[in-house]
1. Within segment 138-150, can one find any residue that is in contact (Cβ under 8 Å) with a residue 60 or more places away in the chain, part of a helix (DSSP H, G or I) and polar (S, T, N, Q)?
2. Considering only segment 123-132, I want to know if a residue exists there that is within 16 Å of residue 52 (Cβ to Cβ), crowded, with 21+ Cβ neighbours inside 10 Å, in contact with a Leu (Cβ under 7 Å, 6 or more places away or on another chain) and touching a residue at least 24 places away in the same chain (Cβ under 8 Å).
3. Do the conditions hold for residue 83, that is, is it more than 15 Å from the chain's Cα centre (by Cα), part of a helix (DSSP H, G or I) and within 25 Å of residue 25 (Cβ to Cβ)?
4. Being among the hydrophobic types (A, V, I, L, M, F, W, C) and in a loop (DSSP other than H, G, I, E, B) is the requirement here; does residue 98 meet it?
5. Going through segment 133-168 one residue at a time, which ones are crowded, with 20+ Cβ neighbours inside 10 Å and among the hydrophobic types (A, V, I, L, M, F, W, C)?
6. May I ask you to verify whether residue 164 is modelled with pLDDT under 95 and within 21 Å of residue 65 (Cβ to Cβ)?
Amino acid sequence: MGSQNNRKNKAGRAALGGMLLALALIFGYVETLLPLSFGIPGVKLGLANLVILSCLYVISVPEVLLLLVARILLSGFFFGNGMMILYSLAGGLLSFCVMLIGKKTNRFSMAGVSILGGVFHNLGQLLLAVVLVWDEKLFFYFPVLLLSGALTGALIGLLSQEILNRLRPVQ
């Protein structure tokens, strides 16, 4: 009886992971269709991060990391290219690590954790660009990326908090 429950639990976790991955991919794709142009190269809202940030508060860290990497790889294969995957991995993994640290300190609200994520995502991508092009002048772009990461991070954080507030009564 115990092994049957364990298999059901694993199947349920796999199904949940698949649905969350599909949702993150859909959000990422929808964002490409939105006529939002901030007029700044590389700046986007990051709708797929709604899923990642929300999951950071409700499922295990390894599951969120797997979800993040799977989303980046699949998005790159479906909607982008190899360079997009590299930049997304650089930003996404650095962002994930910093958000995890920020969350574990209990010093930041969800919006604060998301702001950290937005800023460090941009920094990770900028660091990769500097390494690939060997031009430290790219760092002059950081103030723009800092501001955009903070603004979009705050918005995603507030939306994620609202999502979790509405889901909690259902759980």
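1. yes
2. Yes, some residue in segment 123-132 is within 16 Å of residue 52 (Cβ to Cβ), crowded, with 21+ Cβ neighbours inside 10 Å, in contact with a Leu (Cβ under 7 Å, 6 or more places away or on another chain) and touching a residue at least 24 places away in the same chain (Cβ under 8 Å).
3. Criteria met by residue 83.
4. So residue 98 fails the test.
5. Listed by number, the residues that qualify are 145, 156.
6. The answer is yes for residue 164.
Here is a yes/no grid of residues against (1) of a type in the set (S, T, N, Q); (2) within 25 Å of residue 166 (Cβ to Cβ); (3) buried (at least 18 other Cβ atoms within 10 Å of the Cβ):
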site	(1), (2), (3)
30	no, yes, no
33	no, yes, no
55	no, yes, yes
67	no, yes, yes
70	no, no, no
84	no, no, no
89	no, no, yes
117	no, yes, yes
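Residue by residue, here is whether (1) in contact with a His (Cβ under 8 Å, 6 or more places away or on another chain); (2) surrounded by fewer than 20 Cβ atoms within 10 Å (Cβ to Cβ); (3) among the aromatic types (Phe, Trp, Tyr); (4) modelled with pLDDT under 95 holds:
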residue	(1), (2), (3), (4)
92	yes, no, no, no
99	no, no, no, no
113	no, no, no, no
170	no, yes, no, yes
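The values are calculated or read from the model by the stated rules, or taken from the named source; none is laboratory data. All values derive from a computational prediction rather than experimental measurement. Note: ideal-geometry Cβ built from the backbone for every residue, glycine included; neighbour counts use all protein chains shown.
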